[in-house]
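Contents: one structure, followed by commentary.
The values are calculated or read from the model by the stated rules, or taken from the named source; none is laboratory data. Quick caveat: nothing in here was measured; it's all calculated off a predicted structure. With ideal geometry, Cβ positions are generated from the backbone for all residues, glycine too; neighbour counts draw on all protein chains shown. Note: areas computed on protein heavy atoms with side chains; ligands, DNA, RNA excluded. Shrake-Rupley method; radii C 1.70, N 1.55, O 1.52, S 1.80 Å.
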Protein chains: 2
Amino acid sequence: MSSDRIHAHYVIETSIGLERAAAAMAGEQSTGTFITLPGETPELHRRHAARVESVVLAEEGGEPSLSGSRGPGPVQRGEVELSFPLENVGTALPNLLATVAGNLFELQQLSGIRLTDLELPEAFGRAHPGPQFGAAGTREVADVRTGPIIGTIIKPSVGLTPEQTGVLAEDLARAGLDFIKDDELMADSPHSPFEERLDAVLRGLDRAAEVTGRRPLYAVNLSGDIDEMRRRADLVAERGGNCLMVSVNAVGIAGLRDLRLHSSLPIHAHRNGWGAMTRFPLLGYSYRVWQQLWRLAGADHLHVNGLRNKFWEPDDSVVASARAVLEPINGGPAAMPVFSSAQSAEQAADTYAAVGTDDLMYVCGGGIMAHPDGPAAGVRSIRQAWDAALAGIDLDTYAADHPDLEAALRTFRGATGG
Amino acid sequence: MSSDRIHAHYVIETSIGLERAAAAMAGEQSTGTFITLPGETPELHRRHAARVESVVLAEEGGEPSLSGSRGPGPVQRGEVELSFPLENVGTALPNLLATVAGNLFELQQLSGIRLTDLELPEAFGRAHPGPQFGAAGTREVADVRTGPIIGTIIKPSVGLTPEQTGVLAEDLARAGLDFIKDDELMADSPHSPFEERLDAVLRGLDRAAEVTGRRPLYAVNLSGDIDEMRRRADLVAERGGNCLMVSVNAVGIAGLRDLRLHSSLPIHAHRNGWGAMTRFPLLGYSYRVWQQLWRLAGADHLHVNGLRNKFWEPDDSVVASARAVLEPINGGPAAMPVFSSAQSAEQAADTYAAVGTDDLMYVCGGGIMAHPDGPAAGVRSIRQAWDAALAGIDLDTYAADHPDLEAALRTFRGATGG
C-alpha cells in the first residue's frame, strides 16, 4: 500500500453502473461538486482527486435496498476501493471520517453504501495514542496469566444504591471473578452518583480482597461530558481503581481519544448504539472499520457481542469482529475482545474453537448470577467450561464430574433460544 | 408530560407482538436481563423500571425488514412510547443515549427499530448550554436583519492552498455573500493547515471589507481532537473570526458540547455521516431527535439538506427537519436550519413556501460560483429569488426583468434532475 494514501473499501449498490457510481463517490469526497467549477484545474485534480482503485461486480438484479436513489440501469452490487491523498485529510480521526464516510451515505447515486475496510498510512499510527494496555497489558493489570478474563456485569442495571452496588461487588469478587463492570445504563445518575458508587465498590472489593488476596478489575462507567470524564479518570486513579468503561459511540471518537490521553488505566469500550450503524447490511460501517478507529483512539477492550447472544447478530459476524480486535494494526497491539450478551458456560468451547485463543474477556451476567448454586458456582462453571475447551475435552464429558458446570449447562442451554 | 420521566418514541417492527416487544425494550433498558435475577425486587421494579406508555399497531404482514430477528407471529409494525425515570439516567447526553437508544438497535425481538421523538424533563434544559446564538443571535452577528442568510462553500473542497482560499474568500465576500463556510472535507490537512487557512481567509475578508464595508460570517472547520478544537476556538476568537464549523457526528455529542463551553462564537453544525444513522427507515434515528441533542449540546446552525438536493432525501423529510430546528425546545431558542446541497435560485420560492420563514441559511456552492455571469451575479440571483418569494411574486415573472435570476434559472433548473 502506498504510504501517503488512505485506502477505503466499500460495498455499494447502484443503478447507474458501478464504475460511474465509484467515480461519483470519489468526486464527492475530494475535488468535485454537482457542477464543474472554475477552480478545478487539471493540476489540482491530479494531485488531490480521490482515485477509484478497483471496482468488482458481485451481483445484478432485484430492487434497490434503500429508497431515494436514481439511475436508469439494473441494480448492481459490488465492491469499490477508493484512495485519498493523506495530504487532503491529515490524521485527525473526525476528518478521516468526513472523508471516507461523511456524505457518501446520502448520495443519490447509491441505493446501498457500507464502509467495510480501511487501510491507513503509518502516519495514523504515529499521530494517535492507540491502546495503552491492549490484550497483554490487561492480563498484567488483571493478574490473569492464562485462560480468559472472566467477568460479570453489575445487575440489575439500574436501581441499586451505591452501597448495595458495593455489597454486590464484594460478593462477586468473593465468588472469584477477574473482572466486574458497570452496566452501560449506569454511569452517573441521581440514584447512583458516580463518585459514591466508585467508592462503595472499591470498599467492597477491598473487603473481598482481605479474604481472597486479590482484587478484580472494576470497569467503572464514567461516560459523560468531556470535563466530567477527565475528572473522573483522575478520581479513579487516585482512589486506586484499575479500569475505566466508556460508551464509545455516545462520547464520540474524539471523546474517547481525549479520555485515553487523560488516563493511566485500561479503557473498556462499550459499543452500545452500534446496532444503528451496522444492522442494515448495505448501510453504515463494518465492525472491522469501527474497531480500528476506536483502537487508534485508545480502546483496550472492545465489545464484540457473543456466540448465541440475545441480540440479532449471527455467530460468524461475532467471530469476525473478535478476530479483527485481536489483529495488531497501525503499529498498535492486539486489543481484548469482550464477549458478552447471554453468555454462560455453554458457549465457552465454541468460542474457543472459533477464535482460537483465550486472549479475551468472557463476560456473563445472568450466566453467573443466576446459576442455581449461586454466583461462586457460576464463576466455577465458566472456568470449568474453559478448562475443558483449552484441554480439548468435550463439554458434557467434563461436566459429568464437575457439578457446577453440569448445573450451568442444565440451566442455561437454550436460555436464549440459541 | 411528567417532569421526572424521559419519554422516547419509536417505530418498531417485530414478530413477537408489539406489546411483548415493547416490554422487552423496557426491560432491556432498565431493570431486566435475559433471565430473572435475585436483586430484582418489586420495589426496585416499581421505582426504576422503564414503562410502556403506549403501543399502536400501524400495519401487519410482509417480510422482516432486518435480519436476525426471531418470533412466531406475523410481522407487525407500529409505534411505541416508553418512559424512563430521570433518576435512572441523569442528564448527561451520552447516558441519555445509552438509555433511549443503546442496545435497543440490536434486540433479537425486533426486525426494525427507529427512535423518532424524545421529550425530556426540564432538567436537561438546565444542565446543558443550548445554542449560544440560535437563529436570532446569528442574524445579529451576521448583520442580516431580514431575508435568509445567503452563503456559499469554499470549492473545490480540497486542493486550494491557504493563500488561494483567502483570495477566493475575498472574491466571494466582494460578491456580496453573508456567509462563507469551509467544506467538511477541509479542516486541517498538510495541504491546508488550519491556522494558515484561517489567517489567509480573514485577511481576504478584510481586503473585501475595505470595499464593501462589511465582513461576512466565515465558518472555519475546526473539527479535530478535543484539545485541538479548544485551541482553535480560542484562536478564531483572538484573530477576529466570527463562526466555527464542526462535523458533529465525528466529534460526538460530548465533543460538540465541550466546544460550545469553550467558545464565544456561533457553532455551525455539519451533519456529514448522518446518512448512516437515518437512511434505512426502520433503523437508527429521526433527524428530529438528533437535532434536539445537538441543540442541547450547543449547535446554533444545523444542516437540513435542501429541496431537490443532490442526495437521496425527499423534500418532505427536508422540510420536517427544518421545522424541527426552528421549534424552540428544552428552554432554548430556535436554531438556524441550513439549506444546502445543489441549492440555487431555483429552490428559493418552494423553500419559503414549505418552511414559512426566512430565518434560515441558504447555502449554494455551484449555484453561486457556476453562475454564467460569475459569483456576484450568482449571489444577486439568490437574493432576487428570495425577494420574489417573500413578495409572493412568481419566480419566472420576477426573472423577466431580473437578468441575474433569469440566467440562474436557465443554468440550474434540472441540474440535479429535480
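Laid out as a table, the results:
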read-out: Neighbours by Cβ (under 8 Å, 6+ apart or cross-chain): first from region B:337-362, open to solvent by 10 Å² or more (accessible area, probe 1.4 Å); second of a type in the set (Ser, Thr, Tyr) and part of a loop (DSSP other than H, G, I, E, B); value: B:342/B:416; B:358/B:146
read-out: Candidates A:169, A:127, filtered to the one that is touching a residue at least 12 places away in the same chain (Cβ under 8 Å), among the aliphatic types (A, V, I, L, M) and surrounded by fewer than 23 Cβ atoms within 10 Å (Cβ to Cβ); value: A:127
read-out: Answer residue from region A:69-116, given it is touching a His at 6+ places or on another chain (Cβ under 7 Å) and among the acidic types (Asp, Glu) and is nearest to the other protein chains (Cβ to nearest Cβ) among those; value: A:87
read-out: Residues located in region B:332-371, provided they are on the phi > 0 side of the Ramachandran plot and modelled with pLDDT of 95 or more; value: B:356
read-out: Of all residues in region A:396-410 being open to solvent by less than 90 Å² (accessible area, probe 1.4 Å) and not aliphatic (A, V, I, L, M), the one that is nearest to residue A:386 (Cα to Cα); value: A:398
read-out: Qualifying residue in region A:188-201 (condition: within 22 Å of residue B:100 (Cβ to Cβ) and among the aromatic types (Phe, Trp, Tyr)); value: yes
read-out: Criterion (facing chain A (nearest Cβ under 9 Å), among the acidic types (Asp, Glu) and crowded, with 24+ Cβ neighbours inside 10 Å) met by exactly one of B:184, B:228; value: B:184
read-out: Residue satisfying condition, being touching a Leu at 6+ places or on another chain (Cβ under 7 Å) and assigned to a loop (DSSP other than H, G, I, E, B), within set B:141, B:158; value: B:158
read-out: Answer residue from region B:121-138, given it is in contact with a strand residue (DSSP E or B) (Cβ under 6 Å, 6 or more places away or on another chain) and not in a helix (DSSP H, G or I) and is nearest to the other protein chains (Cβ to nearest Cβ) among those; value: B:130
read-out: Residue satisfying all of: in region A:69-104; closer than 27 Å to residue B:184 by Cα and surrounded by fewer than 18 Cβ atoms within 10 Å (Cβ to Cβ); modelled with the highest pLDDT among these; value: A:79
read-out: Subset of region A:334-347 (residues that are more than 15 Å from the chain's Cα centre (by Cα) and part of a loop (DSSP other than H, G, I, E, B)); value: A:342, A:343, A:344
read-out: Scope region A:381-395; condition in contact with a helix residue (DSSP H, G or I) (Cβ under 6 Å, 6 or more places away or on another chain), in contact (Cβ under 8 Å) with a residue 60 or more places away in the chain and surrounded by fewer than 24 Cβ atoms within 10 Å (Cβ to Cβ); matching residues; value: A:386
read-out: Count of region A:370-380 residues which are part of a helix (DSSP H, G or I) and open to solvent by 20 Å² or more (accessible area, probe 1.4 Å); value: 3
read-out: Cβ-Cβ under 8 Å pairs, at least 6 apart or on other chains, region B:62-76 side under 20 Å from residue A:310 (Cβ atoms), far side of a type in the set (Phe, Trp, Tyr) and crowded, with 17+ Cβ neighbours inside 10 Å; value: B:65/B:280; B:66/A:280; B:66/A:312; B:67/A:312; B:68/A:311; B:68/A:312; B:69/A:312
read-out: Some residue of region B:18-25 being under 21 Å from residue A:154 (Cα atoms), within 10 Å of chain A (Cβ to nearest Cβ) and either within 31 Å of the chain's Cα centre (by Cα) or not in a strand (DSSP E or B) (or both); value: yes
read-out: Hits in region A:272-294 (condition: open to solvent by less than 10 Å² (accessible area, probe 1.4 Å) and among the basic types (Lys, Arg)); value: A:279
read-out: Every residue from region B:255-271 that is surrounded by 24 or more Cβ atoms within 10 Å (Cβ to Cβ) and among the hydrophobic types (A, V, I, L, M, F, W, C); value: B:256, B:259, B:267, B:269
read-out: Odd one out for residue B:187 among (1) assigned by TED's automatic domain parsing to the domain that holds residue B:263; (2) aliphatic (A, V, I, L, M); (3) in a helix (DSSP H, G or I); value: (3)
read-out: Pick from region B:299-316, criterion facing another protein chain (nearest Cβ under 9 Å) and not acidic (Asp, Glu), ranking: surrounded by the fewest Cβ atoms within 10 Å (Cβ to Cβ); value: B:314
read-out: Of residues in region B:193-222 being crowded, with 24+ Cβ neighbours inside 10 Å and not in a helix (DSSP H, G or I), the one farthest from the other protein chains (Cβ to nearest Cβ); value: B:217
read-out: Residue A:303 being closer than 23 Å to residue B:27 by Cα, assigned to a strand (DSSP E or B) and in contact (Cβ under 8 Å) with a residue 12 or more places away in the chain; value: yes
read-out: Candidate set: region B:275-290, residues that are part of a loop (DSSP other than H, G, I, E, B) and more than 7 Å from chain A (Cβ to nearest Cβ); chosen: the one nearest to residue B:242 (Cα to Cα); value: B:286
read-out: Number of the exception - residue A:140 against (1) in contact (Cβ under 8 Å) with a residue 12 or more places away in the chain; (2) in the same structural domain as residue A:217 (by TED's automatic domain parsing); value: (1)
